[in-house]
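The values are calculated or read from the model by the stated rules, or taken from the named source; none is laboratory data. On a predicted model such as this, the values are computed, not experimentally measured, just so you know. Here the Cβ positions follow ideal geometry from the backbone for every residue, glycine too, while neighbour counts run over all protein chains shown. These accessible areas exclude ligands, DNA and RNA; they are computed on the full protein's heavy atoms, side chains included. Shrake-Rupley method; radii C 1.70, N 1.55, O 1.52, S 1.80 Å.
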Amino acid sequence: MLKTMRSVPHLRIARASLSLLCLSAFALTATHAQSPAITLVPAVVVAGAPELIRVSASGAAAIDGEWLERKLEFFRGRDGRGWFALAGVDVDAPVGPSELKLTIHDAHGGVRDLSRTIRIRPAHYPTTSLTVAPQFVQPGPEALKQIDADQLLTQKAYASSALKPLWQGNFRPPVSSPQSERFGTRRIFNGTLASNHKGLDFRAPSGTPVRAGNSGVVVLAQPLYYAGNTVIVDHGMGLFTLYMHLSRISVREGQHVVCGQRLGLSGATGRVTGPHLHWAVRWQGAYLDPAKLLRLDLTAVR
Ligand SMILES: [Zn+2]
């Protein structure tokens, strides 16, 4: 035990404490089965974080939820007692109190309001400057046309999410390469244009196999102006993972993929400074930190 903790200090300890959090939350709700209990993991909510919301309510037939102007979709967990929603807070969400609206419907038409206030805390993301080819900072008329067309295509892809979760168990990294730029970094392109980095970069040499982070359905598989060759996988209930700048795409739209299945090869297409994989997680239009999704223990959920 000690040896394991010493060899991989940060990740292992983070995972261990998260599982402990999950366990203690489950133990707590199990002993108070009569009164509904709500737990959020991670318990400290920051901008850009995915959140696993668990509602333990015996006799619930359905749960309606809304948070940060997004609809929460609940499903029954593996144990058959708890209800779960895999949600999150957009990287640009305002910090401070937010209202988590929850209504529980029982089988006899009864309704219980379990709404509560959730405080969103600031995440401290760094700032970097980088240089890319000028056409990516000031795109010409032809490029602008393609950017508009890309937007329509991606909107269509995001509109087609499955009504049930397609993922199973924990999410896994799409490549084994080291991470090169974390999520949320504020980036200044060529000294002027600023944006948030809405994904996690891996320093993958061109030709590295890129694998699905979890099971789902491919809803987009084609080149885009900024993202280059892109694959988008729908994991159901508004949750998607995006794989960008690929040198090769090896899946087609509509194809079911399992966790770890090859989607293509990494590359340097689109707006890049060199070969890498940009991996993004999107839930109901909110961009979430993929590194934090990887740390969520979902094995007991489904
Ligand atoms: Zn990136």
Exercise. log10 I(q)/I(0), Debye, Cα-only the range 48-102, no solvent, q = 0.17, 0.18, 0.25 Å⁻¹?
Worked result: -0.56, -0.62, -1.01
Exercise. Top mean-square fluctuation among Ile104, Ile188, Ile232, Gaussian network model of the chain, C-alpha springs under 10 Å?
Worked result: Ile188
Exercise. Stretched out fully, how many nm does the piece from Ala62 to Lys101 gain, at 0.36 nm a residue minus the Cα gap?
Worked result: 12.6 nm
For this session: May I ask you to compute the full-extension gain from Leu144 to Ser160, defined as 0.36 nm times their residue separation minus their alpha-carbon distance, rounded to one decimal in nm?
Result: 3.2 nm
Seminar exercise, completed: Answer in debye to the nearest 20: the dipole magnitude of the chain about its Cα centre, from +1 Lys/Arg and -1 Asp/Glu charges placed on Cβ, is 940 debye
Exercise. Could you give the length gained on full extension between Ile118 and Gln135, defined as 0.36 nm per residue of separation minus the Cα-Cα distance, in nm?
Worked result: 1.9 nm
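Dividing the convex hull volume of the Cα atoms of the chain by its residue count, what figure in Å³ per residue is obtained?
Working: hull volume 42.8 nm³, N = 302.
Taking the convex hull of the Cα positions in the chain, it is 142 Å³ per residue.
As a test of the formula, what do you get for the chain when each DSSP H run with n ≥ 4 contributes -39,500 (n - 2.57) and the sum is divided by the residue count, at 222 nm and rounded to the nearest 500 deg cm²/dmol?
On the way: 4 runs with 53 residues, N = 302.
That calculation yields -5500 deg cm²/dmol at 222 nm.
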Problem set entry | Distance (nanometres) between label positions extended 7 Å along Cα→Cβ at Gln222 and Val111 | 4.3 nm
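Two-decimal Rg/Rh of the range 174-227 from alpha-carbon positions, Kirkwood Rh? Intermediate values should be presented prior to the final figure.
Details: Rg = 13.7 Å, Rh = 13.6 Å.
The Rg/Rh ratio comes out at 1.01.
For the range 132-279, with all protein chains present and a 1.4 Å probe, just round the carbon and sulfur fraction of the accessible area to a whole percent.
Details: 3600 of 6680 Å².
Result for the range 132-279: 54 percent of the exposed heavy-atom area is carbon or sulfur.
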Problem set entry | Cα Rg over Rh - the range 236-297, Kirkwood | 0.97
Exercise. Between Leu72 and residues 5 or more places away or on another chain, which pairs have amide H atoms under 5 Å apart, with H built 1.01 Å from N, and which residues are they?
Worked result: Gly65, Glu66, Trp67
For this session: Taking every pair of alpha-carbon atoms in the range 53-202, give the share separated by more than 24 Å as a whole percent.
Result: 56 percent
For this session: State in Å² the accessible area per residue of the range 41-172; use a 1.4 Å probe, count heavy atoms of protein chains only, and round to the nearest integer.
Result: 55 Å²
For this session: Using the charge dipole of the chain (Lys, Arg: +1 at Cβ; Asp, Glu: -1 at Cβ; taken about the Cα centre), state which of Gln151, Pro50, Leu100 has its Cα farthest towards the positive end.
Result: Pro50
Exercise. How big is the charge dipole of the range 169-302 about its Cα centre, in debye rounded to the nearest 20, if each Lys and Arg gets +1 on its Cβ and each Asp and Glu gets -1 on its Cβ?
Worked result: 140 debye
Exercise. What is the distance in Å between the Cα centres of the range 155-190 and the range 55-109?
Worked result: 22 Å
Exercise. With each label point set 7 Å from Cα along the Cα-Cβ vector, what nm distance links Ser195 and Asp92?
Worked result: 1.1 nm
Exercise. If you place +1 on the Cβ of every Lys and Arg, -1 on the Cβ of every Asp and Glu, and leave all else neutral, what size is the dipole of the range 125-206 about its Cα centre, to the nearest 20 Debye?
Worked result: 320 debye
Problem set entry | Sequence-distant residues sharing a close amide H with Ser250 (under 5 Å, placed H) | Gly264, Leu265
Problem set entry | Overall Cα dimensions of the range 136-237, principal axis frame, Å, largest first | 42, 32, 26
Exercise. For the chain, modelled as a Gaussian network with Cα springs under 10 Å, which listed residue fluctuates most, Pro173, Pro126, Pro290?
Worked result: Pro126
For this session: Could you work out which residue, out of Arg252, Arg211, Arg282, moves most in a Gaussian network model of the chain, that is, has the largest mean-square fluctuation with Cα springs under 10 Å?
Result: Arg252
